[in-house]
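Below is one structure, written out as structure tokens; the observations come after it.
Where a number appears in this text, it was derived from the coordinates with a stated rule and is not lab data. These numbers were taken from a predicted model, which means no experiment stands behind them. Positions of Cβ are generated from backbone atoms using ideal geometry, with glycine treated the same way; all protein chains shown enter the neighbour counts.
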Amino acid sequence: MKIERDGERLCVSEINELTAANSSNFRDEINSAMTGATVVIEIDLSKTLFMDSSGLGALFALYRATIKREGVVLRLLNPVPEIEQLLELTQMQQLFEVVRR
Amino acid sequence: MKALLICPVDSTAVPRLAESGPLATAPILGDCVVAHWVERLAELGARQIEVIAPDGADQVRKAVGDGARWGVRINVTVSRFEPTRQEAVDKYNPAGGPDWLPAPYDVVEMSHLPGCPGLPLFESYANWIAALTAWMPLALTPARVRVSQVRPGIWIGSRAQVSPNSELIAPCWIGDRASVETGAVVGPGAIIEDRSVVGTTAHIAQSWVGPDTFVGRMTSVANSVAWGSTLIDWRTGSVLHVPDPFLLSSLSESKIAATTDRFGRALGAKAPTRKRTELAKAMGAPRGGASDVNLPA
């Protein structure tokens, strides 16, 4: 997983899978990387081929963390169709801004 | 009168439908394709039906038996390939014998449902959904006593359990022994096959839920073919194998045994020895078994 800071933007990419094995680490690393200046968090899911409920839980935890910080936007970028299906199945696509670029 | 049915073979566009058996035995509104066709041909007067089965002949035989259920005699013949209609006519009824049903019912390729020749079943998942949705009003034949139309466009199996606090939106079909729990929204365009469970506040729309499938609470199945733990978006063909059984999973005994390692421990119980109803209960479904239908207000 790669985390890059670009001004007010925090970009998280190269996530191959998001499961019970790495979801805590994923959540903690992003939380640590967030600063008071962070306005946008973009999670690039274009390389994420597998996600389970722990991964969904990590995304939800991140969502909760961002709504506590008013004005912070959380975006999911380019999810593969299977992950998009999972987000729709769990109705979590309603929580996130899902963007295709 | 005689008739001949040709079982379809090519499942390349719809592989999930052929995982449990040949396409002719794919479950449709409480029965299977071949059974629906036998029933139709029997209504038209057929008394002797030959079924050509290029694959899975034993499963086809199991699905139709000897035909006594419809008052016909059925013989299932194994074939090495799927003959075209013309090839079958040339071989079995070249002279157009008077003891055969009139065309086109003398020889039928089961690539569509009775009465829906323009709606192919197996060319894509989108076609599968379109054909089943169109066929819903035609599925309630006099021979089918386990399902009734309770309101216009809403069909429910006689042993289904439907919470009075659920919402059913026409058209929808809830199969025999299926369960729809409180707060669930089923329809429009939803087909829940036999023995499936729709969990609390789950939403099903424009989708087909295969038999013995558990749809977990708060999940949303839209524009999909859902069978066991497989979820297919019929618009895009995207296939997702849902990893968490509390979201979407199979309730059939064989699947339970196969997935014991994965989620048996999560249930804190001896899953392989559990019966389907016990597992469904553990996952949040109501108690299984026959009961009266409770219609939502």
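A compact table of results
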quantity	calculated
Spatially close lysines, pair count over the protein assembly as shown: Cα under 26 Å, gap of eight or more or interchain	11
Semi-axis lengths (Å, descending) of the ellipsoid that matches the C-alpha gyration tensor of the protein assembly as shown	46, 23, 18
Packing rank of B:207-220, B:147-160, A:20-33, where each peptide gets the mean count of other beta carbons within 10 Å, highest leading	B:207-220, B:147-160, A:20-33
Within chain A, helix-based [θ] at 222 nm, where runs of 4 or more DSSP H residues each add -39,500 (n - 2.57), nearest 500	-11000 deg cm²/dmol
Residue exposure sequence - A:ILE41, B:ILE192 - by fewest surrounding Cβ within 10 Å	A:ILE41, B:ILE192
Formal net charge of residues neighbouring A:LYS2 (Cβ-Cβ distance under 15 Å; K, R +1; D, E -1)	-4
For A:88-100, mean number of other protein chain Cβ atoms within 10 Å	3
Local electrostatic count, B:GLY157, Cβ distance below 9 Å [Lys/Arg +1, Asp/Glu -1]	+1
Estimated inter-spin distance, B:LYS91 and B:SER238, nm [label 7 Å along Cα→Cβ]	4.3
For residues of B:232-240, the mean tally of beta carbons on other chains within 10 Å	3
